[in-house]
Amino acid sequence: MAFRILTAQIKPKKGDYRHNLCKIGDVISQAESMDSPPDVIVFPETVLSGYFLEGGVREVSKTPEELFKDIHRIYLERTQGDTGKLDMITGFYELDDGKYYNSAMYLSLGKGKPGEDQSGIVHVHRKFFLPTYGVFDEKRFVARGRTIRTFDTRFGRVAVLICEDVWHSITSSIAALKGAQIIYILSASPGREFSGEQVGNISKWATLLPAIAEEHSVFVVYSGLVGFEGGKGFTGSSCIIDPWGKTVAIGSAMDECLVVADIDLDDVAIVRAGSPLLTDLEANVGDLAMEMDFIARGPHRI
Amino acid sequence: MLGISQWRWTSSQEALIEFEITIIENFHMSIYPVIFAPPFDPECERNLQINAPLVADWLVAFLKDEICRRRGFEKAVVGLSGGVDSSLTAYLCALALGKENVYGIRMPYRTSSSESLEHAQLVADTLGISCRKIEITDAVEGYLKFEPDANSRRRGNVMARERMIILFDQSERLTALPIGTGNKTERLFGYFTWHADDSPPVNPLGDLYKTQVWQLSRHIGVPEVIVNKPASADLIVGQTDEGDFGISYPKADRILFYLLRGYSSDRLIRMGFNESDVQLVKRKVDTTHWKRHMPTTAMLSVTSINDYYLRPVDY
């Protein structure tokens, strides 16, 4: 199955939900005007508010239903005609059941009423690993997600992960074991370490993302925030990586841009037929689970 | 189907169905620069590019290991046709074993082009390897006089097999291992005489497409006149490989790259490859699998060789 993915790296306006929603609308408008519009649009982590909000999280958080409603409305405003479909993934600060989360929503947009044309929220992933060190302070302001899920979409079974989630290789392994053929990764990665050929965190992503794609033979779609927030500049570099680990398109490190690639999910089976690492991993999950259980019980510390 | 049920779809969604349209004022309409993945270009040869210096070093190491360490030979014998494959093979052998340990054998038939013979001599002279000419005309005619109606295909097969008789006998005489020269494209097309061209026990070029053989030959210094001429089996006067195939090597190699990777013909056509080219290449590969195998043996026991009784070639 071939389809078109667009990853939009944009600069949100700090704390201004409505402005940022309009920017999402602008991307939808521009995407719709393309000769061949994308089927899936991916926005970065916390794109509706900016990333470093501290206590401001309380003021900009939305429930998934509120966010879906607003995005669906702007989608209807910005697109012509009675038909059409668009899948979207976007980062946002979430309020749900009395807790705040750093989340990513996968939503499916159509022209009919929600529910009737399968428009709706498909999944919300809550960031599992919350960086709380150095410049990061997430645990202080948001609660941790407890699950790593995969889910079916119009374009295959996928997983959504956020930033530090994938700095631990076990999360993408779990996503692949649960059947993900595409791993969407949203991030807000502040640039740091300027001694190498590239900004340090860009090098880190450039190593990490192809390694995930190659190990599990999955597509990796990465959407990175750009712009400065209080002196901290996010490094963009949004990209689309095929299951061989080859980066097929990548955005700039500093500027807003839309990165577009056509991908074919058939590639997943082609690569896995030649390199069945995931099948090997599946076969050993039982033993690995026992090892993890042993580690979780902690006797090795004695 | 969407997994919407995985997300809670509670009564609060009812409100969404008749939501109130409030136009959010549009602060400014942004237009963003768009970075497209480069469109697929069926003419692009990047996938076929090799790191020629690295491949050369690798193949020299392979030849040393396979000829000397594993099989205990010090010398090699190569049939020099004057074409690029055997020329490159001779160059690699000279690098691996030293020029004094490589024997070139030119085996012309009466209709072979004089240019082929000259090019074979050019390679031998440039490398400083010994070179001998052994005409196959008498041997070939000795049989074919009983088969005056043999068509050119049969005559070509007889020539190819006669050359191998000579090459293996010279191998015995010189205590030199015969080295094969077949490339990946001709192997995939079945463009060789079975158990003739493909019979030497060691083959350095068998996993290089023809266009990659050209790259490696240019790097290693095979004379340009040999690399640049149209490839020909030279079994029939005026014959060229590409004329026989009905497709050029660069086009064929680009299609083979994706076919072997596991892409379907339909997908290749969708990607922009010419439909008849794709079908031609696929048909050639699909009808010649047998040529890339040992003979089919009827299995009768649970010790059937290569079915049950399995040992690696270097065991």
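The values are calculated or read from the model by the stated rules, or taken from the named source; none is laboratory data. Since the model is a prediction, treat every value here as computed from it, not as a measurement. Glycine also receives a Cβ, built like all others from the backbone with ideal geometry; neighbour counts cover every protein chain displayed. For accessibility, only protein heavy atoms count, side chains too; no ligands or nucleic acids. Shrake-Rupley method; radii C 1.70, N 1.55, O 1.52, S 1.80 Å.
General observations
- Tallying residues that are without any contact (Cβ under 8 Å) to a residue 60 or more places away in the chain and more than 30 Å from residue A:156 (Cβ to Cβ) within the stretch A:39-57 yields 1.
- Among the candidates B:278, B:302, residue that is part of a helix (DSSP H, G or I) and more than 30 Å from residue B:82 (Cβ to Cβ): B:278
- Any hit, the stretch A:46-53, residues being within 11 Å of chain B (Cβ to nearest Cβ) and buried (at least 18 other Cβ atoms within 10 Å of the Cβ): no
- Filtering the stretch A:223-260 to residues that are within 17 Å of residue A:166 (Cα to Cα), under 16 Å from the mean Cα position of the chain (by Cα) and more than 10 Å from chain B (Cβ to nearest Cβ) leaves A:223, A:224, A:225, A:235, A:236, A:237, A:241.
- Listed by first and then second residue, the pairs linking a residue in the stretch A:9-27 that is more than 7 Å from every other protein chain (Cβ to nearest Cβ) to a residue that is open to solvent by 30 Å² or more (accessible area, probe 1.4 Å) and in a helix (DSSP H, G or I), with Cβ atoms under 8 Å apart and 6 or more places separating them unless they lie on different chains, are A:15/A:59; A:25/A:77; A:25/A:78.
- Those residues of the stretch B:212-269 which are in a helix (DSSP H, G or I), more than 14 Å from chain A (Cβ to nearest Cβ), hydrophobic (A, V, I, L, M, F, W, C) and without any contact (Cβ under 8 Å) to a residue 40 or more places away in the chain, in sequence order: B:255
- Index of the failed condition, residue B:117 passing every other in (1) under 24 Å from residue B:224 (Cα atoms); (2) open to solvent by 80 Å² or more (accessible area, probe 1.4 Å); (3) part of a helix (DSSP H, G or I); (4) in contact (Cβ under 8 Å) with a residue 12 or more places away in the chain: (2)
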